[in-house]
1. Evaluate peptide B:85-94: per residue, the Cβ atoms of other protein chains within 10 Å of its Cβ; return the mean as an integer.
2. Charges on Cβ only, +1 for Lys and Arg, -1 for Asp and Glu, centred on the Cα centroid of chain A; of A:His85, A:Met47, A:Trp35, which one is farthest towards the dipole's positive end?
3. At a 10 Å Cβ-Cβ cut-off, how would you order B:Val87, A:Val81, A:Val3, A:Val11, fewest neighbours first?
4. Assuming a viscosity of 0.692 mPa s and a temperature of 37 °C, what translational diffusion coefficient in µm² per second does Stokes-Einstein assign to the stretch A:22-105, Rh being the Kirkwood radius over Cα pairs?
5. Please work through the protein assembly as shown and write down the cysteines that have no neighbouring cysteine Cβ at a distance under 4.7 Å.
6. Let me know the whole percent of all Cα-Cα pairs from chain B that are separated by more than 17 Å.
7. Taking only Cα atoms and a 10 Å spring cutoff, compute GNM fluctuations for chain A and point out the largest among A:Cys13, A:Cys23, A:Cys94.
8. Count the net charge of all other residues whose Cβ sits under 13 Å from the Cβ of B:Ala91, scoring Lys and Arg as +1 and Asp and Glu as -1.
Amino acid sequence: GAVVSQHPSWVICKSGTSVKIECRSLDFQATTMFWYRQFPKQSLMLMATSNEGSKATYEQGVEKDKFLINHASLTLSTLTVTSAHPEDSSFYICSALETSGRNYEQFFGPGTRLTVL
Amino acid sequence: GDSVTQMEGPVTLSEEAFLTINCTYTATGYPSLFWYVQYPGEGLQLLLKATKADDKGSNKGFEATYRKETTSFHLEKGSVQVSDSAVYFCALRAGKSTFGDGTTLTVKP
């Protein structure tokens, strides 16, 4: 299947700093990518839908000014956690939608573990 | 809106035991259904999928059948292995997916 990468795989930062997480589709183009957040022993919560060339669509309750999403190309979306605080510590997972086949298929990145001190 | 109800865990089985993890859903239309597996510290991997009613998805000995009449997509495996220990998620749709809460499976030798 198709491959989606995330970078970094883990990051530790101080409170108040900003952190950028990259999501890349390595062997296909993705006009649509998604960002999820996963708390320990919990399910994935959709944060936002990232659309190439346009503004991201955020789910209810997700602060768009805190979680900045940029989808600058057909293979790259970035999530920037601005002014991070300890409560932002979480596992962030992206996915990319592959639409070339008859049925859409979603491929997930390996996740990024963010720890804010 | 969409929702997925997944069998609560954790589930602990002995090697070679039969596995069933229940999943039922509520959705508009006839969405594709998925099972994903997540190993510790990793992202999600697609295990199997079904795109229409009565389809059976299968992979690595796991199976699930898309049952429209019972709005279910239960995951089964006839003989589990220690390496199957992971968290399993049932999900609706490709894209803005709705996930169940996940079921942690531990298989003991």
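1. Mean partner-chain Cβ count within 10 Å for B:85-94: 2.
2. A:His85
3. A:Val3, A:Val11, B:Val87, A:Val81
4. Stokes-Einstein gives a translational diffusion coefficient of 246 µm²/s.
5. That list is A:Cys13.
6. Numbers: 2849 of 5886 pairs.
Cα-Cα pairs of chain B separated by over 17 Å account for 48 percent.
7. Of the options given, A:Cys13 has the highest mean-square fluctuation.
8. Summing Lys and Arg as +1 and Asp and Glu as -1 gives 0.
Here, each number is a calculation from the coordinates, and none is a lab measurement. Remember, it's a predicted structure, so these values are computed and weren't measured experimentally. Because the Cβ atoms are built from the backbone with ideal geometry, glycine has one as well, and the counts that use them run over all protein chains shown.
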